[in-house]
1. Is one or more of the residues making up the stretch 60-67 closer than 23 Å to LEU116 by Cβ, under 11 Å from the mean Cα position of the chain (by Cα) and either of a type in the set (Phe, Trp, Tyr) or at pLDDT 95 or above (or both)?
2. Could you tell me whether VAL5 is out of contact with any Gly (no Cβ under 9 Å at 6 or more places or on another chain), of a type in the set (A, V, I, L, M), modelled with pLDDT under 95 and part of a helix (DSSP H, G or I)?
3. Quick one: is ALA10 among the small types (Gly, Ala, Ser), within 17 Å of ALA107 (Cβ to Cβ) and assigned to a helix (DSSP H, G or I)?
4. For the stretch 32-42, what are the residues that are surrounded by fewer than 24 Cβ atoms within 10 Å (Cβ to Cβ) and in contact with a Pro (Cβ under 7 Å, 6 or more places away or on another chain)?
5. Would you point out which residue out of LEU89, LEU116, LEU106 is farther than 19 Å from VAL57 by Cβ, out of contact with any His (no Cβ under 6 Å at 6 or more places or on another chain) and among the aliphatic types (A, V, I, L, M)?
6. Among the residues of the stretch 43-63, what is the count of those that are exposed (fewer than 15 other Cβ atoms within 10 Å of the Cβ), closer than 20 Å to LEU24 by Cβ and either of a type in the set (Lys, Arg) or without any contact (Cβ under 8 Å) to a residue 12 or more places away in the chain (or both)?
7. Can you run down the residue pairs with Cβ atoms below 7 Å, 6 or more apart or on separate chains, where the first is in the stretch 71-84 and not in a helix (DSSP H, G or I) and the partner is not acidic (Asp, Glu)?
8. Looking only at the stretch 45-71, which residues are in contact with a Ser or Thr (Cβ under 8 Å, 6 or more places away or on another chain), aliphatic (A, V, I, L, M) and under 25 Å from VAL110 (Cβ atoms)?
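The values are calculated or read from the model by the stated rules, or taken from the named source; none is laboratory data. The structure displayed is predicted, hence computed values, not measured ones. Glycine also receives a Cβ, built like all others from the backbone with ideal geometry; neighbour counts cover every protein chain displayed.
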Amino acid sequence: MNDVVLIGKALADPTRVRILYALLQSDLCVCELVDALEMGQSTLSSHLQTIRQAGIVETTRRHKMVSYALTEEARPLVEAIMHLNQASLETDRRIARDRTRTAERLALRVHGVCQLGPGQLDRSEDRKK
């Protein structure tokens, strides 16, 4: 029963829902999540710890970066929950902004891997001006 409670806890916070929604797009390193979701690394890390404890995400080390991905077992559950709530998620401005910023941050990868630290998305936009 404890596993069910941990999954409920992982889904019971708007920030964690945003993280899971972003991870549906792609596996992401902490730097990419910080930029895409516009939050501090310590805040993000505490939310990721809750999600990790529930067994919903797994970590992989890529070079110096730690990457987060939905586990194979949890992906169908997360997809189903997001699908059930698709109408409200599509009208949420934060989710829309996160989706755009996640795609923009993924475009900064080199050979499919994050090579940059946090704060690069906004610096990249500043260079375009």
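1. For the stretch 60-67, residues closer than 23 Å to LEU116 by Cβ, under 11 Å from the mean Cα position of the chain (by Cα) and either of a type in the set (Phe, Trp, Tyr) or at pLDDT 95 or above (or both): absent.
2. yes
3. So ALA10 fails the test.
4. VAL34, GLN41 - these are the residues of the stretch 32-42 that are surrounded by fewer than 24 Cβ atoms within 10 Å (Cβ to Cβ) and in contact with a Pro (Cβ under 7 Å, 6 or more places away or on another chain).
5. From the options LEU89, LEU116, LEU106, the qualifying one is LEU116.
6. 3
7. Correct list of pairs: THR71/GLY55; THR71/ILE56; THR71/VAL57; ALA74/GLY55; ALA74/ILE56.
8. Listed by number, the residues that qualify are VAL57, VAL66, ALA69.
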